[in-house]
1. Label Leu37 and Arg10 with points 7 Å out from Cα along Cα→Cβ: what is the distance between them in nm?
2. How much length, in nm to one decimal, is gained on full extension between Thr140 and Glu58, taken as 0.36 nm per residue of separation minus their Cα-Cα distance?
3. Given labels modelled 7 Å from the Cα in the Cβ direction, how far is it in nm from Ala172 to Arg74?
4. Can you find, among Asn41, Gln14, Ile88, the residue farthest towards the positive end of the dipole of segment 5-99? Put +1 on the C-beta of Lys and Arg, -1 on that of Asp and Glu.
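Taken together, the values in this text are just the output of simple stated rules run on the coordinates, not laboratory data. Keep in mind the model is a prediction, meaning the values are calculated, not measured. Glycine gets a Cβ as well: all are built from the backbone with ideal geometry, and neighbour counts include every protein chain shown.
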Amino acid sequence: MAVTESSAQRYELQDPDVRLMLQVRNDSAAAFDELMLRYQNRLVTVLEHLTGRRDQAEDLAQEVFLRVYRARKRYEPGSKFSTWLYTIANHVAANALRSSSRRHEVNLDARASGPMGNNPIDRMALAASGQMPTRQLDKTELRDVVRIAISSLGERQRMAVLLSKFEDMSYADIATAMELTPQAVKSLLTRARVNLRQVLEAYVDNGVRPTGEAVEDPCR
């Protein structure tokens, strides 16, 4: 879709990251370094939960930034910078997942999360615990199970959940990043919540630990 001049100006005025990317388009190395500083850890976090491997997530994040730099001369601000960045990340991650011929292993010790409740996975775990008080769970145990439960989602559901929980993106922005309609994103997130609830209830109520095997997304 062509970017109109008024749309480009609106995003330039509203989004400081768009202004940085426009400087990158003009070959500013400092602006590119600043964008990497702002997004590197966030991008690696999303990709790690998407692929299940920290080392692969770091490699993929570098590939995303490489593509951003290569595309700098063609850049036109038709959305928020983060939306454009995650559109590229979605393609890079999808290609990596499709090319992988083996089952992905989930790294449960990838990152210390600090005090409980400070990151999206912790908040999801707390929410699950509050909704399902059948038995008390250790916070670390529940957090790990939530991570495995997320890995059991289909690729598109997982990406939608991660963009929603980690990046706090709207349906419209997730739809742009994933090249879907907002209604399709809403449907993906609804199915993802149902699937996560089923997995977590099975574990909390009956001790059935999720396997981490991804289920196929319907309506692909």
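1. 3.1
2. Values: separation 82, 0.36 × 82 = 29.52 nm, distance 2.40 nm.
Between Thr140 and Glu58, full extension yields an extra 27.1 nm.
3. Rounded to a tenth, the inter-label distance reads 2.6 nm.
4. Of Asn41, Gln14, Ile88, it is Ile88.
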